[in-house]
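J.: Handing you this structure, nothing more for now.
Quick note: the coordinates plus some simple rules give every number you see, no bench work behind them. Predicted model only: the values in this text are computed from it and were never measured. With ideal geometry, Cβ positions are generated from the backbone for all residues, glycine too; neighbour counts draw on all protein chains shown.
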Amino acid sequence: MSVRVRFAPSPTGQVHIGNIRAAIFNWLFARHEGGKFLLRIEDTDRERSTPEAVKTVLGALAWLGLDYDEEPLYQSTQKDAHVAAAEELVKKGLAYKEDKGGTGKGECIIFRMPEREAFFHDEVKGDLRKESKDVKDMVIVRSDGNPVFHLANVVDDIKMGITHIIRGDDHVENTFRHIALFEALGAKPPKYAHLPMIVNQHGKPYSKRDGAAFVGDFRERGFLADTLFNYLALLGWSPGEDREKMTKQEMISFFTLDRVKSAPAQMDEKKLLHMNGLYLADMQLADFVEQVKFVISKEPWGSSIDDGYLSSVCRLMQSRTTLFVNAATWKYFFVDIPDYDVKAVEKTLKKDGAKKCLEVLSEKLKINSFEVKDVEAAIRETERECGLQEGKLNQTVRIAVTGTNIGAGVYETINVFGREKTLARLAHAVSLI
Ligand code: GLU
């Protein structure tokens, strides 16, 4: 039997990472098995499931490259089938009608839970069971004629021929009921795999109070779709051999349900940033430059920048960038005289002898070849002349030419600046001391 899985979001306006992670796992499983990945929009909540909310879901899927097979099924179109299924259960004596609470609002349809232990085998959590007294009869069609989630979900899964249900473990309790519904409707229940909860650093469900929680947030902050896909795939799945950065093809080939973990998966933004850095480092330089250009064009200093110069700045900074927005801090590359960090000036530039060293260095840098090794040699010679140990001048020079004490390698940075810019900055730094 070929695998058919589905992603069944309830469109509510935003797409939580926990939900899209379920989509990713379903997609990887389907692609690994050569099966189908289907989409069902559970849009029965007419107030929240607006066309915009549906568009947001579709946009998130498209952005992450989660292509689906066949036409999506909109649950709201299936109401008649849901009610018909409930009526059939009434006919078979497996459900009954009742004016619940005697409100006079009309009768609802209630599913009679079988009086036996509820049991299923979960592909991730193992055997799960529940005593029959703990699973109560449940309303499947409200007195206003609207089917409830449980009924609609199961009837649609039967219609779509779903073989495996891979979803968050907040649905485990529902599954005990859903299995009974499948059986009552004469269908074989699918296999289940409940994914571990995504939690914050305190082990509590990860929510927007903990940081970015929606796909759109990450996109806006400049994370690459491939990064988010790869990172979320690892939240609750272990491909083995410490594999982390993987292509989609690799993830597909390694993905099996027995490697899905049952322990909660901790969302760690530092790891996500690190992974984005790995993806950025692997980009084609030209594509990286394009994105940087877009970010810095919004800065007052970021327009009319020479393309060649921008490329060399990017070549230097690409491997140390975790988000494109970091480029907004690269002002010191582009302005005539950088902003000087007052504390760094006090602490380092105003140290005894620093001024003299910078003057000596300025003379030594009046050279034609400005390769990284030439810059390094000039700094080494200056240190020797000033009686400093090797490397002692690096930080002083860095602050003198960039205004700050963080950045890429100082020789490489000076090499990118070129002679004219470097000498002007050294002169300015000397004037500050
Ligand atoms: N609409 C439900 C949800 O988003 C579907 C759960 C399921 O996959 O069955 O939680």
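J.: Would you check which residues across region 60-80 are surrounded by 15 or more Cβ atoms within 10 Å (Cβ to Cβ) and not aromatic (Phe, Trp, Tyr) and list them?
T.: Listed by number, the residues that qualify are Ala60, Leu61, Leu64, Leu66, Pro72, Leu73, Gln75, Gln78, Lys79.
J.: Can I ask one more? Scanning for something within 16 Å of Val148 (Cβ to Cβ), touching a residue at least 40 places away in the same chain (Cβ under 8 Å), surrounded by fewer than 15 Cβ atoms within 10 Å (Cβ to Cβ) and more than 27 Å from the chain's Cα centre (by Cα), does region 102-112 turn up at least one residue?
T.: no
J.: Specify the residue that is surrounded by the most Cβ atoms within 10 Å (Cβ to Cβ); the eligible residues are those in region 234-283 that are touching a Pro at 6+ places or on another chain (Cβ under 8 Å), among the hydrophobic types (A, V, I, L, M, F, W, C) and assigned to a helix (DSSP H, G or I).
T.: Per the criteria, the residue is Met251.
J.: Sticking with this structure for a sec: For region 15-35, name all the residues that are more than 13 Å from the ligand (Cβ to nearest atom) and free of Cβ contacts under 8 Å to residues at least 60 places away in the same chain.
T.: Hits for region 15-35 are Trp27, Ala30, Glu33, Gly34.
J.: Scan region 1-53 for residues that are more than 25 Å from Glu123 (Cα to Cα), in contact with a Phe, Trp or Tyr (Cβ under 8 Å, 6 or more places away or on another chain) and not hydroxyl-bearing (Ser, Thr, Tyr) and jot them down.
T.: Matches in region 1-53: Gln14, Val15, Asp43.
J.: Which residue is nearest to the chain's Cα centre (by Cα), if the candidates are limited to region 355-374 and must be among the β-branched types (Val, Ile, Thr) and more than 13 Å from Glu385 (Cα to Cα)?
T.: Result: Val372.
J.: Within region 148-173, track down each residue that is surrounded by fewer than 17 Cβ atoms within 10 Å (Cβ to Cβ), within 25 Å of the chain's Cα centre (by Cα) and near the ligand (Cβ under 10 Å from one of its atoms).
T.: Answer for region 148-173, where residues must be surrounded by fewer than 17 Cβ atoms within 10 Å (Cβ to Cβ), within 25 Å of the chain's Cα centre (by Cα) and near the ligand (Cβ under 10 Å from one of its atoms): Asp170, His171.
J.: Let me ask you something else. Restrict the check to region 75-86 and report whether at least one residue is under 30 Å from Glu33 (Cβ atoms), of a type outside the set (Gly, Ala, Ser), within 15 Å of the ligand (Cβ to nearest atom) and in contact with a Ser or Thr (Cβ under 6 Å, 6 or more places away or on another chain).
T.: The answer is yes, given that some residue of region 75-86 is under 30 Å from Glu33 (Cβ atoms), of a type outside the set (Gly, Ala, Ser), within 15 Å of the ligand (Cβ to nearest atom) and in contact with a Ser or Thr (Cβ under 6 Å, 6 or more places away or on another chain).
J.: Report yes if Glu183 is in a helix (DSSP H, G or I) and either under 20 Å from the mean Cα position of the chain (by Cα) or away from the ligand (no atom under 15 Å from the Cβ) (or both), otherwise no.
T.: yes
J.: Restricting attention to region 1-14, which residues are within 9 Å of the ligand (Cβ to nearest atom) and of a type in the set (Lys, Arg)?
T.: Passing the criteria: only Arg6.
J.: Does region 198-212 contain any residue that is buried (at least 21 other Cβ atoms within 10 Å of the Cβ), more than 13 Å from the ligand (Cβ to nearest atom) and either among the charged types (D, E, K, R) or within 22 Å of Leu257 (Cα to Cα) (or both)?
T.: yes
J.: Sticking with this one: What are the pairs, 6+ residues apart or on separate chains, where a residue within region 336-355 that is over 19 Å from Ala424 (Cα atoms) has its Cβ under 7 Å from a residue that is outside any helix (DSSP H, G or I) and among the hydrophobic types (A, V, I, L, M, F, W, C)?
T.: That search, which allows pairs on different chains as well, returns Gly353/Cys386.
J.: Within region 294-310, track down each residue that is part of a helix (DSSP H, G or I) and surrounded by fewer than 17 Cβ atoms within 10 Å (Cβ to Cβ).
T.: Phe294, Asp307, Gly308, Tyr309
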